[in-house]
1. I need the shape label for region A:135-227. Rule: rounded when a/c is under 1.5, else prolate if a/b > b/c, else oblate, with a, b, c from the alpha carbon gyration tensor.
2. For a label point 7 angstrom out from the Cα of A:R5 toward its Cβ, which stretches of region A:232-260 have the backbone nitrogen within less than 20 Å?
3. Quick one: compute the contact order of region A:114-236, relative version, from alpha carbon pairs under 8 angstrom and 6+ residues apart, as a percent.
4. Would you please give the residues with an amide H less than 5 Å from that of B:E96, counting only those at least 5 places away or on a separate chain, with H modeled from the backbone geometry?
5. Modelling each spin label as a point 7 Å along the Cα-to-Cβ direction, I'd like the B:A79/A:Q391 distance in nm, to one decimal.
6. Based solely on C-alpha atoms, express the radius of gyration and the Dmax of chain A in angstrom.
7. Can you give the relative contact order of region B:4-100 as a percent, counting alpha carbon pairs under 8 Å and 6+ residues apart?
8. Mind telling me which of A:S20, A:S267, A:S187 comes out most flexible in a GNM of chain A, alpha-carbon contacts under 10 Å?
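Read-outs throughout are calculated quantities, based only on the coordinates presented, and are distinct from any laboratory measurement. Keep in mind that this is a model prediction, so the values were computed, not measured. Here Cβ is always computed from backbone atoms with ideal geometry, including for glycine, and neighbour counts include all displayed protein chains.
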Amino acid sequence: MNAPRPETYVIVGGGHAGASAARTLRAEGFDGRVVMVCAERHRPYERPALSKSILLGSKRLDELALLPDGMDVDFELGVAARAINPASRKVTLSDGRFLEYERLLLAPGGRARELSVPGSHLDGIHVLRTADDGLAIHAALAKSRTVLIVGGGWIGLEIAAVARQLGRNVVVAEAGARLCARSVPPSTSEFLLRKHRAEGVDVRVDCALSKFEGDTAVRRAHLSDGSVCEVDMVVAGIGMVPNTELAQSAGLAVDDGIVVDSHCRTSDQYIFAAGDVTRQFCEWHRHSVRLESWNNAIQQAAVAARGMLGLAQRRADIPWFWSDQFDLNLQVLGVAPPGAIRVSRGMSAQAPFDIFVVDGTIAGAIAVNGARELRKVKALMAAGSVVTERQLADMSIDLQTLR
Amino acid sequence: MSEWSRVCAVGDLPDGEPKGFRIGDVPIVVTRVDGACYAAHDICTHAYALLSEGFLEGHVIECPLHGAKYDVRDGKCIAVANTDVKTYPVQVEAGEVYVTVTDA
């Protein structure tokens, strides 16, 4: 007679969400089998370092492991999930094997959007999403004098900052009117633009890419401002595409992201989803959103893991992300909806601290090198404290006292 | 032999607020929770940041940059980072806080 198969929870994806789910399952006492299917050949690692210390060469990949060695997880490395059969609760793997599951977590993240202009196939054109991408850019930076960054978002600006720190000539071409337009208001975009220009980055906004030229490797980039850039390498930071195909073909509800409820459950009761690939209602945005951030991946996956175990809970964290560029640590907490009143606390040009107020409560805040103060704002937001613009702007008032 | 260095008076450590000091080349963060004092290496193991600029809630110190959390009693990492932070023995005598970083 066969021994009964232990209860098996399968996690598809070896990023921050997958790792956080595995950790949470074990922390909550799950003693069945946890299998993690990782398309990359690496165990989960700390991804924010890819656009910073990995590029600088100040950290090695093996220093960035997310899960401790002794963690009871069966890793399937370098293997992709190809199909899900929700009826028989099986995942088919790229090597032909299949895994049966009691619960399945989809945390496959996304892939970097690729350029499509003529010449995009040339060597020396990079994207940054994985450790291997980061290592390739690190190696290419060592041999380059001039780097073109396509896209003035977080990835592009962080790479630009590192490339400048390494003494490279850096051009950033952003097709839109301002930097990081999707996630911060104009005041922060302007601050970032000033900072990068002051650090010697040639930032061009309203500047699209027309085509690349070169024999085998990229040599020139034609830009929509009419200029031609001689370049040694290019990095495209033009966003990500969520890996929703697996969910879609399994018949799960997908709408620019796998749609989940407050427990991170998909439209199938045994399948959950978390991380960049997931669309969920957010109390702070007041609608359903797909958040692409480190913190969201970790928090959402912890919720998903508890959901898989059938534990009751409510997600209460406030959306939060950071970006490290040059000597700046910029943190964005909550949201800055159009129409919010912006209160500048401290009025510092070098380290702005903006608080966004809607109907007398704080909707969000953006701080540069102001983590300690931001923490106080977070407490006010969590408590729903009613505040006035005058109080928030008054530096003689300790924010803690407004609770 | 451990060499004890005076870092501050107990009264200089308000409950709930970490403070940074230096003993020789070693940056340390000193905390006081429920009357007991603790010392740890001040640099977060996750990315370069000073824990003394972070937040203290109960026995948990949180890095201001990316939210790594450690228990001040044993340096154990609770969130984000994977490496514990080193802790150092503390002695309080006559209202003064002494820390040794030389003890193996």
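1. Numbers: a/c = 2.04, a/b = 1.32, b/c = 1.55.
It is oblate, given that a/c is not under 1.5 and a/b is not larger than b/c.
2. Within reach of a label on A:R5, which here means backbone N under 20 Å from a point 7 Å along Cα→Cβ, region A:232-260 contributes A:250.
3. Working: 234 pairs, mean separation 42.4, N = 123.
The normalised contact order for region A:114-236 reaches 34 percent.
4. Residues meeting the criterion, in which the H sits 1.01 Å from N, are B:V10.
5. In this crude spin-label approximation the distance works out to 2.5 nm.
6. 22.5, 75
7. Numbers: 236 pairs, mean separation 26.8, N = 97.
Relative CO of region B:4-100 lands at 28 percent.
8. A:S187
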